[in-house]
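The values are calculated or read from the model by the stated rules, or taken from the named source; none is laboratory data. Keep in mind that what you see is a predicted model, and the values were worked out from it rather than measured. Here Cβ is always computed from backbone atoms with ideal geometry, including for glycine, and neighbour counts include all displayed protein chains. Remember, those area values only see protein heavy atoms, side chains included, never the ligands or the DNA or RNA. Shrake-Rupley method; radii C 1.70, N 1.55, O 1.52, S 1.80 Å.
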Amino acid sequence: ASVLLCFRTSLVTSLIFGLLLQPPLAQLSIVTQPNIVLLMADDLGIGDVSCYGNDTIRTPNIDRLAKEGVKLTQHIAAAPLCTPSRAAFLTGRYPLRSGMDAVNNYRVIFWNGGSGGLPSNETTFAKILQQQGYRTGLIGKWHQGVNCESRNDHCHHPLNHGFDYFYGMPFTLISDCQPTETPEMDRAFRRKLWLSTQMIGLVTLTAVLGRLTGLISVCWKTLACLTGFSLLFFMSWFSSYGFTRYWNCIMMRNHEVTEQPMVTDRTTFLILRESISFIERNKHKPFLLFLSFLHSHTPLLTTEKFLGRSSHGLYGDNVEEMDWMVGQVLDAVDKEGLKNTTLVYFTSDHGGWLERQEGKRQLGGWNGIYKGGKGMGGWEGGIRVPGILRWPGVLPAGTVVNEPTSLMDIYPTVVHLAGGVLPQDRVIDGRDLMPLLRGTVEHSEHEFLFHYCGIHLHAVRWHQKDSGTIWKAHYVTPLFDPPGAGACYGKGVCPCFGEGVTHHDPPLLFDLSRDPSEAKPLSADSEPLFDTVIKKIARAVEEHRRTLVPVPEQLSLYNIMWKPWLQPCCGTFPFCWCDKEGDN
């Protein structure tokens, strides 16, 4: 009996020691499922951040992220405009795979009351992380649509795409949201509509006066029809464009409209408060926070505290305020003791908007040494963005990665960190960044990246790994207006097709490793490998196109039109106004 007791005692002791030597389950869970904070600026140029070379705008908190983490120097957006770029970010797929790139000139979601948006059958990284036990939140800008068939179906809403909590703008910030600013939305088209209305009204008035004076022989019934047509034409467009601030400039909490129109003076405070509150509420479980800033999109909402602080005007003030917000979020993470168990990522959705000016005021961003900007699918300035990741103890601090990476790479990266599985029934274009970030591999998994403008392929980048050379072939480039200006100042945004672009055959070829500014196109005479490179890229394009399948166009003219029955409303339509934040 004593021998048996001795055996049992030694066995129990061994088991206890064995268990003590194992890492605690809670610790293992935290290591394999880090908290994830994704910070995305709006319209921020790569040249607007200090750690990427700006010496007139101070961004100490973003710089701190780079110092404590990994900085990507060739981080590429999948599209040069908000809606398609964010769709690619959320799904890890080129936006034309989900129908979120346009065949026309309306290349983004135009109305909260439109029917287009991120399809319900797309699987976002938030949806997978939600299934893995994460608490998921989106604070700020969405711009992926709201409804499909009725005002409350919320088929495109963040809560239908894997987010447990949403607070922010279902649309995007525009100058129309600020009553003191010049209207921005569809400005040229709105001018044409107003001119047409004046002409129709003038014809109607002339006909009525002619009839009254006896100069024109026309019956009153005809005049009544003409007057009715004039009023109907005016109401057909003024009912949407005349109330843009009420239809598009709204704030929502989950499915509830809280401000209609939004009170812009407190928007920054509310978004920051909601972000910090989300971290505090979910500190005991793995969480995903996607903070999608309204900065630095026009009208550049900037609190009085930051006005006049930068040497780069209102735009610089706005960027510096956003950097301060980044610092507040990082401080909240640190305060809760989560710094070492949290992956933080900072980026912009695309390049800075060069053409955005009011008089002599430059209200858009700067893209450093890179040609082009927002709206340009091929030139680097439209798609090369900041990319910084920090995870103390896991990612080597102060590291710079010069390999091609994509915003789409965040999708497989966070899915793998959460212990999830990538969808097997569709093409995922992103690649897991962790091996590259940790230095366990030397090269990016991307051999080719395809640069679209709408559904039109403008350029292709080839990373020749054996030599380290990065080639870029341009099939289509925009015609700058005025010529040589470096942007389309006469149009506001460069077009993707039609008379506003030039097609190149053979393509323009650049060696980005030697000419990142794309200033010196190569030719068969100046580059011995010219024909070889062009043929290699052409074969890659053919293979890529074979992976594309037809999908419904989410940005078709019908889908982007304003539909009263789809308009989110906090009252009885059309009497839509409320301020529930003010009431609280």
### Task
Report, in degrees rounded to the nearest 10, the 0 to 90 angle that the Cα long axis of helix 2-21 makes with the longest principal axis of the chain.
40 degrees
### Query
Cα extents of the chain along the three principal axes, largest first, in whole Å?
127, 70, 49
### Task
Round to the nearest 10 and give me the degree value, 0 to 90, for the angle of helix 187-213's Cα axis relative to the longest principal axis of the chain.
20 degrees
### Summary
Karplus-derived 3J(HN,Hα) from phi for the stretch 348-364 (6.51 cos²θ - 1.76 cosθ + 1.60, θ = phi - 60°), whole Hz, x at Gly and Pro, runs 10, 6, 5, x, x, 8, 5, 7, 6, 9, 10, x, 8, 7, 8, 9, x
### Query
What does the highest-first list of 469-477, 280-288 look like by mean Cβ count within 10 Å?
469-477, 280-288
### Pairwise centroid distance, computed over Cα atoms, of the stretch 505-559 with the stretch 248-287, Å
41 Å
### Message
Please report the accessible area of Thr180 (heavy atoms, 1.4 Å probe, ligands and nucleic acids excluded) in Å², nearest 10.
### Response
120 Å²
### Considering only the chain, percent of DSSP beta bridges that pair antiparallel, nearest 5
55 percent
### Query
Shape call for the stretch 441-529 from the C-alpha gyration tensor, a ≥ b ≥ c root eigenvalues: rounded (a/c under 1.5), prolate (a/b greater than b/c) or oblate?
prolate
### Task
On a C-alpha basis, how far is the centre of the stretch 289-307 from the centre of the stretch 429-462 in Å? Whole number, if you could?
30 Å
### FRET efficiency for Arg211 and Leu159, using Cβ-Cβ distance with R0 set to 60 Å, rounded to 0.05
0.55
### Query
Tilt of helix 530-546 relative to the longest C-alpha principal axis of the chain, in degrees (0 to 90, nearest 10)?
90 degrees
### Task
Averaging sequence separations of C-alpha pairs under 8 Å and six or more residues apart, then dividing by the length of the stretch 187-242, give the relative contact order as a whole percent.
39 percent
### Task
Only Lys, Arg, Asp and Glu count, each charged at its Cβ (+1, +1, -1, -1), so figure out the dipole size of the chain about its Cα centre, rounded to 20 debye.
680 debye
### Summary
For Asp101 the rounded accessible area (nearest 10 Å², probe 1.4 Å, non-protein molecules ignored) is 10 Å²
### Task
Could you please put Thr547, Thr440 in sequence from largest to smallest accessible area, using a 1.4 Å probe?
Thr440, Thr547
### Task
Principal axes first, then extents: for the Cα atoms of the stretch 187-242, list largest minus smallest coordinate on each axis, whole Å, largest first.
40, 17, 11
### Query
Given a 1.4 Å probe and the protein chains all in place, what does the accessible area of Met199 round to, in Å² to the nearest 10?
120 Å²
### FRET E, pair Trp194, Arg253, Förster distance 56 Å, beta-carbon r, rounded to 0.05
0.95
### Summary
Summing -39500 (n - 2.57) over every DSSP H run of at least 4 in the chain, dividing by its residue total and rounding to the nearest 500, the 222 nm mean residue ellipticity is -10000 deg cm²/dmol
### Local electrostatic count, Val70, Cβ distance below 10 Å [Lys/Arg +1, Asp/Glu -1]
+2
